[in-house]
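Structure first, commentary second.
The values are calculated or read from the model by the stated rules, or taken from the named source; none is laboratory data. Note that the coordinates shown come from a computational prediction; the quantities given were computed from them, not determined experimentally. Heads up, the Cβs are rebuilt from the backbone with ideal geometry, glycines too, and the neighbour counts pull from every protein chain shown. Quick note on the areas: whole protein, heavy atoms, side chains included, nothing else; ligands and nucleic acids left out. Shrake-Rupley method; radii C 1.70, N 1.55, O 1.52, S 1.80 Å.
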Amino acid sequence: MRVLAVDFGTSNTVAALAVDGGAPRLLAIDGSPLVPSSVFLADDGTLAVGRDADRQARLDPARFEPNPKRRIDDGEILLGSTAVPVVTAIAAVLRRVAGEVARQGGSVDEVRLTHPARWGRRRRTALVAAARESGLAEEPVLIPEPVAAATHFATLSGHGLAENAALAVYDLGGGTFDAAVVRRRATGSGYEVLAEAGLPDLGGLDFDQAIREHIGRTSSVAADPDEWARLLAPADPASRRAARALATDIRDGKEALSRYPHVDIALPPPFADVHLTRSELDDLIRADLRRSVDLMIRTIDGAGLRAADLAGVYLVGGSSRIPLVARLIQEGLGVTPTTLDQPETSVATGALYLSTGAATPAARSAAAMAAGTGGPGRA
Ligand SMILES: Nc1ncnc2c1ncn2[C@@H]1O[C@H](COP(=O)(O)OP(=O)(O)OP(=O)(O)O)[C@@H](O)[C@H]1O
Ligand SMILES: [Mg+2]
């Protein structure tokens, strides 16, 4: 039995494969387990995905969408002058995964797709439609991301999750923040979401935006506001390329600040490069991170638990690498959170450890939905 799990993220898509209940293996695509979730509409009408899309975006950024997951409610995305259904854009990303599985010589018997815990029926239906359109799966099993993350934590050596024990999952990715408290059930290997909440507008992209605004206040930029405005709302190919390059340099600089105390970010001419320190970044994003930690605290309250009752607080998602995240959690909850070398991969890997029982895929999908989501008022 070969099971494939796919975590379609705002910034990155991660796929993992398990054969006959063995240890999950991350699927390398273009040499990396993290595939950018981006799409680019080529001249011939095909959609390039991931690193190919990122590369071509430099040529014509108007045909590029870096984060289709953030556009899930839009119905269509304008790429150049063509309106592309969001489902088709997501399907292109999933098709890239399916193609790689086939290229590596494997079929799959079951496909599991993860989704933010707060996604309602409409968004989950769009995800399933994309899986069908891509040819990846007709009946994918849907699993809430925090449930997958908790399952992964349960398998970490030195941690584990005893029966009835509960875990807080703090997932800060590219586009969304998800907080959840997940309990391992007493019987079987199932998990239940005791409480969950999310901030759909908080993730690494917002920190990139905070840095962009900070740069806009620096002296060399302030001296030439018209040129900067052209860069923020690029209308011609040259400005679009410069804006695209700047977006990448800002993101890379932000990520480097998790490892180094300061970085220099290159700006396109006529502007001078910008020096940014980690403490400056911390000041830019502290209020947002506090909001996320406050929501984590309220979510634990909502589950009827105290921090001391938990088996741990598990940090998931690339933005949880920011050192201030662990510090604010320590201050707010009095608990040292658990982190992993590659927090972007916990959800895809964990989805494979989850036992979904012997029901049919459609029934399991419904069960996973009921376990994790489904409240009123959700998209
Ligand atoms: N070292 C780092 N420091 C700060 N941020 C980082 C670091 N590494 C990655 N990130 C950020 O993590 C984000 C991507 O994380 P991840 O792949 O977990 O998100 P995602 O799953 O695509 O998004 P979501 O779960 O919100 O849909 C990006 O914004 C990226 O810049
Ligand atoms: Mg994610």
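What are the residue pairs meeting all of these: first residue in the stretch 86-112, first residue under 17 Å from P33 (Cα atoms), second residue aromatic (F, W, Y), Cβ atoms under 8 Å, and 6 or more apart or on different chains?
Sorted first by the residue in the stretch 86-112, then by its partner, the pairs are V93/F8; L94/F8.
Condition check ((1) within 16 Å of ligand 2 (Cβ to nearest atom); (2) without any contact (Cβ under 8 Å) to a residue 24 or more places away in the chain; (3) farther than 21 Å from D178 by Cβ; (4) not basic (K, R)) across all residues:
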| position | (1), (2), (3), (4) |
| --- | --- |
| T114 | yes, no, no, yes |
| T125 | no, yes, no, yes |
| E133 | no, no, yes, yes |
| L161 | no, no, no, yes |
| N164 | no, yes, yes, yes |
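Is it the case that some residue within the stretch 15-30 is open to solvent by 10 Å² or more (accessible area, probe 1.4 Å), within 23 Å of P146 (Cβ to Cβ), of a type in the set (D, E, K, R) and within 16 Å of ligand 1 (Cβ to nearest atom)?
no
What residue, among those in the stretch 329-379 that are among the charged types (D, E, K, R) and at pLDDT below 95, is surrounded by the most Cβ atoms within 10 Å (Cβ to Cβ)?
This residue is R364.
Could you pull out the residue among S258, S220 that is modelled with pLDDT of 95 or more and of a type outside the set (D, E)?
On the way: S220 fails: modelled with pLDDT of 95 or more.
Answer to the check: S258.
Please count how many residues of the stretch 1-49 are among the acidic types (D, E) and assigned to a strand (DSSP E or B).
Number of matching residues: 1.
Among the numbered conditions (1) more than 21 Å from A148 (Cα to Cα); (2) at pLDDT below 95, tell me where L324 comes up short.
Failed condition: (2).
Restricting to the stretch 1-14, count the residues that are in contact with a helix residue (DSSP H, G or I) (Cβ under 8 Å, 6 or more places away or on another chain), open to solvent by 10 Å² or more (accessible area, probe 1.4 Å) and away from ligand 2 (no atom under 16 Å from the Cβ).
The total comes to 1.
Please identify the pairs in which a residue from the stretch 298-317 that is of a type in the set (D, E) has its Cβ atom under 7 Å from the Cβ atom of a residue that is outside any loop (DSSP other than H, G, I, E, B), counting only partners at least 6 apart or on another chain.
D309/A166
What number of residues within the stretch 280-331 satisfy the criterion of being assigned to a helix (DSSP H, G or I), within 16 Å of ligand 1 (Cβ to nearest atom) and of a type in the set (G, A, S)?
5
Can you say whether P85 is more than 16 Å from ligand 1 (Cβ to nearest atom) and of a type outside the set (F, W, Y), as far as the supplied structure shows? I'd like the intermediate steps shown before the answer.
Working: more than 16 Å from ligand 1 (Cβ to nearest atom): yes; of a type outside the set (F, W, Y): yes.
So P85 fits the description; yes.
Got at least one residue in the stretch 149-168 being open to solvent by 20 Å² or more (accessible area, probe 1.4 Å), in contact with a Phe, Trp or Tyr (Cβ under 6 Å, 6 or more places away or on another chain) and of a type in the set (V, I, T)?
Yes, the stretch 149-168 has at least one match.
Among the residues of the stretch 105-122 satisfying the criterion of being within 21 Å of E192 (Cβ to Cβ) and open to solvent by 50 Å² or more (accessible area, probe 1.4 Å), which is modelled with the highest pLDDT?
So the residue we want is R121.
Tell me, which residue of the stretch 31-43 that is more than 16 Å from ligand 1 (Cβ to nearest atom) and either at pLDDT below 95 or among the small types (G, A, S) (or both) is most open to solvent (accessible area, probe 1.4 Å)?
D43
Within the bounds of the stretch 174-184, is there any residue that is open to solvent by 50 Å² or more (accessible area, probe 1.4 Å) and either modelled with pLDDT under 90 or over 22 Å from E255 (Cβ atoms) (or both)?
Checked against the condition, which is being open to solvent by 50 Å² or more (accessible area, probe 1.4 Å) and either modelled with pLDDT under 90 or over 22 Å from E255 (Cβ atoms) (or both), the stretch 174-184 yields at least one hit.
Looking only at the stretch 199-250, which residues are more than 14 Å from ligand 1 (Cβ to nearest atom), within 25 Å of the chain's Cα centre (by Cα) and among the small types (G, A, S)?
Matches in the stretch 199-250: A243, A245.
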